[in-house]
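**Q** Okay, handing you the structure first.
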Amino acid sequence: MNYIKQFRKLVLVPAVLVAMVISSCSDIIETSPYSSIDENAAFSTASLCELSVNGMYQAAQRGDYGGAGRGYPFGAAFIEQGDNRGEDVVNIYAFYQYTYEGTYSTGTANNVWHWSDTYRLINRANIVLEGAQRAADNGVLTQAKADEYKGEALAFRALAHHELLIHFARPYKDTPGATHMGVPYRKLPNNTPANIEENAAQGRHTVAECYQWILEDLDEAESLLPAKAGRSGKQTVTRWTKQAAAAVKSRIYLHMYDWANVIVEANKFKTGGVYAGTVSLTTTPNGSFAALGYNTSENIFSIENSATNNPTVNGALASQYKRRQLVCVSPIVWRLGTWLPDDLRRTSAVMTAAGTVDANAMVFTLGTGSVPFTNKYKDEVGYSDGAPIIRYAEVLLNAAEAYARQNNVTDGLANLNLVRDRALANPATQSYTAASFADNVALLGAILDERRIEFVMEGRRWSDIHRLQFCPHFPINGIPAKLSNAMPANADFTLGTPYAGPFGITAKPYSDSRFLWPLPAIETNANPVLAAQQNPGY
């Protein structure tokens, strides 16, 4: 069944703030399923409007996954899939094997639910956009409150479509003008028979069109959203703000190779910028993950999880990456020459044995072995860590890269050192200087390495692999080689030289169909337009 038929005219809102509501797949639209309410009623009072918006956040945090709620698309799954599509982690068991080895198909659960749950989120964003304005027109909400909700919906719509692009479409630079196929950019809610029919027959827009609309949505969102100062408590980081929209735009422009606009967005956070002083790096690398990733100065936007509302043992970050130890850091990144042995992100001062992991540790080892696992996600019992969407370290490294590519070594170096120096055992002697690099290209290489080190186990690696296919200086051809799907040997992590093999999983060139995920069969079977636009090789 085509997933968009599941929505009909029903709006999903939490029956209580911590409970996810899943709709029926029934074609009978006159009767609301249990714990769902008709769209017209959903925006009939201010409290129901807020519940409808909370339902949108639930769609981002938990997803459906056949009713299991495994954290698609942004509660945990985008981090886990983004890591396991790259080479800087090792999948030890079978849990992420299809993703890790690139053996997915049109029916593989991970990529199917990444698609369908992301479009579920997009649909709910579109319903909120329409419903919030209707509530304002009817006097249920003030226009200011309606605009805030619309800003949140626009931001989610943009972020969700970009997530789809990096998995199901070729990078922006694949063709001149990005005229190749992207994904269907859905702007209509599935709340009328006409809208349902139009969405059901919609084909893929070009990548250029998708990026244009992503930026339009984020620009409008930034204009409508409150700043961080307009929110309180966890909501300063778990609800969309102006700062979050601007930060995400710096990422989007990076994918477009639009270096000037990366800097424009990043400079909003610098001295003299509109958001100056509202975010800052924490003093230690682990600081951004203190308090389970909430209410830290570095966190710009995270998806909230709690002990009563999380992606469960089969999806939560602390479950998968820590308690169950399903995925470890790969020796490929562990042995990068730019990752100093005494860097605080791995040094013995912050490494402890499993079972006695210090709350300040960034990494821990399994028993008495040397295999490193991340300790960024702390709550291995309640699974309440926030899923980091973007933090200030990324904005700074986005700016560093943009400056380096424009041959501005001074500003590129300054932004790189802001992130790296706080992890150094002795910044006075270990910090980079202009003399550390022969030219801006050498600086760029260090910045790209720093991204791998700083964001390991945060899902950013696939995003970088995707966009760097056409880098003129450090191109990545397809999907890099990886270690075998199994527990690595302790000796694989011996520092001193880069890891050179063995690689149990060979590299897949950019021309390989497996560089992209296929459009799910549940979609193409119901939509002949998309069936004709399936990614080659599937």
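The values are calculated or read from the model by the stated rules, or taken from the named source; none is laboratory data. For clarity, every value in this text was computed on a predicted model and none was experimentally measured. When we count neighbours, we look across all protein chains shown, and the Cβ atoms used for this are built from the backbone with ideal geometry, even at glycine.
**Q** Is it the case that I263 is crowded, with 20+ Cβ neighbours inside 10 Å, hydrophobic (A, V, I, L, M, F, W, C), over 18 Å from the mean Cα position of the chain (by Cα) and closer than 24 Å to A402 by Cα? Give the steps one after another, and end with the answer.
**A** Values: crowded, with 20+ Cβ neighbours inside 10 Å: yes; hydrophobic (A, V, I, L, M, F, W, C): yes; over 18 Å from the mean Cα position of the chain (by Cα): yes; closer than 24 Å to A402 by Cα: yes.
Answer is yes for this residue.
**Q** Of all residues in the stretch 264-306, which are touching a Phe, Trp or Tyr at 6+ places or on another chain (Cβ under 7 Å) and either more than 18 Å from E394 (Cβ to Cβ) or aliphatic (A, V, I, L, M) (or both)?
**A** Those that are touching a Phe, Trp or Tyr at 6+ places or on another chain (Cβ under 7 Å) and either more than 18 Å from E394 (Cβ to Cβ) or aliphatic (A, V, I, L, M) (or both): A276, V279, L281, I300, I303, N305.
**Q** So how many residues does the stretch 240-288 have that are outside any loop (DSSP other than H, G, I, E, B), hydroxyl-bearing (S, T, Y) and at pLDDT 95 or above? Reasoning before the result, please.
**A** The initial filter retains those residues of the stretch 240-288 that are outside any loop (DSSP other than H, G, I, E, B), namely 242-255, 259-269, 285-288.
Now restrict to residues that are hydroxyl-bearing (S, T, Y): 250, 253, 288.
Pick out the ones that are also at pLDDT 95 or above and you get 250, 253.
Number of matching residues: 2.
**Q** Looking at (1) surrounded by fewer than 19 Cβ atoms within 10 Å (Cβ to Cβ); (2) polar (S, T, N, Q); (3) in contact with a helix residue (DSSP H, G or I) (Cβ under 6 Å, 6 or more places away or on another chain), which one does T118 not meet, given that it meets all the others?
**A** Against the list (1) surrounded by fewer than 19 Cβ atoms within 10 Å (Cβ to Cβ); (2) polar (S, T, N, Q); (3) in contact with a helix residue (DSSP H, G or I) (Cβ under 6 Å, 6 or more places away or on another chain), T118 comes up short only on (1).
**Q** Any residue at all in the stretch 333-343 that's of a type in the set (S, T, N, Q), in contact with a strand residue (DSSP E or B) (Cβ under 9 Å, 6 or more places away or on another chain) and not in a helix (DSSP H, G or I)? Show your work before the answer.
**A** Going residue by residue through the stretch 333-343, those that are of a type in the set (S, T, N, Q) are 338.
Those still in the list that are in contact with a strand residue (DSSP E or B) (Cβ under 9 Å, 6 or more places away or on another chain) too: none.
No: the stretch 333-343 contains no residue that is of a type in the set (S, T, N, Q), in contact with a strand residue (DSSP E or B) (Cβ under 9 Å, 6 or more places away or on another chain) and not in a helix (DSSP H, G or I).
**Q** Right, another one. Exactly one condition in (1) under 26 Å from I465 (Cβ atoms); (2) modelled with pLDDT of 95 or more is not met by Q325; state its number.
**A** (2)
**Q** Another question, if that's okay. In the stretch 479-495, what count of residues is obtained for those that are surrounded by 16 or more Cβ atoms within 10 Å (Cβ to Cβ), part of a loop (DSSP other than H, G, I, E, B) and at pLDDT 95 or above?
**A** The qualifying residues number 3.
**Q** Taking helices (runs of 4 or more DSSP H) that fall entirely within the stretch 171-239, which contain at least 3 residues that are aliphatic (A, V, I, L, M) and surrounded by 15 or more Cβ atoms within 10 Å (Cβ to Cβ)?
**A** Working: elements: 193-200, 207-224, 235-238.
The helices (runs of 4 or more DSSP H) meeting that bar are 207-224.
**Q** Just to be sure before I move on: is V274 β-branched (V, I, T), out of contact with any Lys or Arg (no Cβ under 7 Å at 6 or more places or on another chain) and over 26 Å from T374 (Cβ atoms) in the structure I sent? Talk me through it step by step, then tell me what you get.
**A** Working: β-branched (V, I, T): yes; out of contact with any Lys or Arg (no Cβ under 7 Å at 6 or more places or on another chain): no; over 26 Å from T374 (Cβ atoms): yes.
So V274 fails the test.
This table checks each residue for (1) within 21 Å of A76 (Cα to Cα); (2) outside the structural domain of S431 (by TED's automatic domain parsing); (3) modelled with pLDDT under 90.
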site: S302; (1), (2), (3): yes, yes, no
site: N309; (1), (2), (3): yes, yes, no
site: Y321; (1), (2), (3): yes, yes, no
site: S330; (1), (2), (3): yes, no, no
site: D343; (1), (2), (3): no, no, no
site: S348; (1), (2), (3): no, no, yes
site: A354; (1), (2), (3): no, no, yes
site: N360; (1), (2), (3): no, no, yes
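**Q** If you don't mind, another one. Please find, within the stretch 273-301, the residue that is surrounded by the fewest Cβ atoms within 10 Å (Cβ to Cβ) out of those that are within 17 Å of the chain's Cα centre (by Cα) and among the hydroxyl-bearing types (S, T, Y).
**A** Y294
**Q** Could you tell me whether the stretch 131-147 includes any residue that is under 22 Å from H162 (Cα atoms) and either in contact (Cβ under 8 Å) with a residue 12 or more places away in the chain or part of a helix (DSSP H, G or I) (or both)? So that I can check it myself, show each step before the final result.
**A** Narrowing the stretch 131-147 to residues under 22 Å from H162 (Cα atoms): none.
The answer is no, given that none of the residues of the stretch 131-147 is under 22 Å from H162 (Cα atoms) and either in contact (Cβ under 8 Å) with a residue 12 or more places away in the chain or part of a helix (DSSP H, G or I) (or both).
**Q** How do the pairs read when you match residues in the stretch 170-190 that are in the same structural domain as H466 (by TED's automatic domain parsing) with residues anywhere that are assigned to a loop (DSSP other than H, G, I, E, B) and modelled with pLDDT of 95 or more, using Cβ under 8 Å and keeping only pairs 6 or more apart or on different chains?
**A** Listed by first residue and then by second, the contacts come to nothing, as the list is empty.
**Q** Just checking, how many residues over the stretch 37-50 are surrounded by fewer than 22 Cβ atoms within 10 Å (Cβ to Cβ) and either touching a Lys or Arg at 6+ places or on another chain (Cβ under 7 Å) or assigned to a helix (DSSP H, G or I) (or both)?
**A** At the first step, the residues of the stretch 37-50 found to be surrounded by fewer than 22 Cβ atoms within 10 Å (Cβ to Cβ) are 37-38, 40-41, 44-48, 50.
Narrowing the set further to residues that are either touching a Lys or Arg at 6+ places or on another chain (Cβ under 7 Å) or assigned to a helix (DSSP H, G or I) (or both) leaves 38, 40-41, 46-48, 50.
Matching residues across the stretch 37-50 total 7.
**Q** I would also like to ask the following. Restricting to the stretch 52-80, name every residue that is of a type outside the set (D, E), at pLDDT 95 or above, in a helix (DSSP H, G or I) and over 17 Å from I122 (Cα atoms).
**A** I79, the sole residue that qualifies.
**Q** Listed residues R157, R85; which is surrounded by 24 or more Cβ atoms within 10 Å (Cβ to Cβ), out of contact with any Phe, Trp or Tyr (no Cβ under 7 Å at 6 or more places or on another chain) and basic (K, R)? Outline the logic, then answer.
**A** Details: R85 fails: out of contact with any Phe, Trp or Tyr (no Cβ under 7 Å at 6 or more places or on another chain).
Testing whether each residue is surrounded by 24 or more Cβ atoms within 10 Å (Cβ to Cβ), out of contact with any Phe, Trp or Tyr (no Cβ under 7 Å at 6 or more places or on another chain) and basic (K, R) leaves just R157.
**Q** Also, I was wondering about something else. For the stretch 375-433, enumerate the residues that are more than 26 Å from A245 (Cα to Cα), of a type in the set (G, A, S) and not in a loop (DSSP other than H, G, I, E, B).
**A** Matches in the stretch 375-433: A428 only.
**Q** Still on this model: Criterion first (of a type in the set (S, T, Y), out of contact with any Ser or Thr (no Cβ under 8 Å at 6 or more places or on another chain) and at pLDDT 95 or above) does T236 satisfy it? Before the answer, list the steps.
**A** Numbers: of a type in the set (S, T, Y): yes; out of contact with any Ser or Thr (no Cβ under 8 Å at 6 or more places or on another chain): yes; at pLDDT 95 or above: yes.
Considered against the rule, which asks whether it is of a type in the set (S, T, Y), out of contact with any Ser or Thr (no Cβ under 8 Å at 6 or more places or on another chain) and at pLDDT 95 or above, T236 comes out as yes.
**Q** From the list A136, A178, pick out the single residue that is on the phi > 0 side of the Ramachandran plot, out of contact with any Cys (no Cβ under 8 Å at 6 or more places or on another chain), modelled with pLDDT of 95 or more and of a type in the set (A, V, I, L, M, F, W, C). Give the steps one after another, and end with the answer.
**A** Values: A136 fails: on the phi > 0 side of the Ramachandran plot.
Criteria check complete, one pass: A178.
**Q** Here's another thing I want to ask about it. Can you list residue pairs whose Cβ atoms sit under 8 Å apart, with the first residue in the stretch 258-277 being under 15 Å from A229 (Cα atoms) and the second being among the hydroxyl-bearing types (S, T, Y) and modelled with pLDDT of 95 or more? Count only pairs 6 or more apart in sequence or on different chains.
**A** Here the result reads F269/Y275; F269/T278; F269/Y392, each pair linking the stretch 258-277 to a residue that is among the hydroxyl-bearing types (S, T, Y) and modelled with pLDDT of 95 or more.
**Q** A follow-up question, please. Determine which single condition I390 fails, assuming it passes every other condition in (1) closer than 27 Å to L495 by Cβ; (2) touching a residue at least 40 places away in the same chain (Cβ under 8 Å).
**A** So the condition that I390 fails would be (1).
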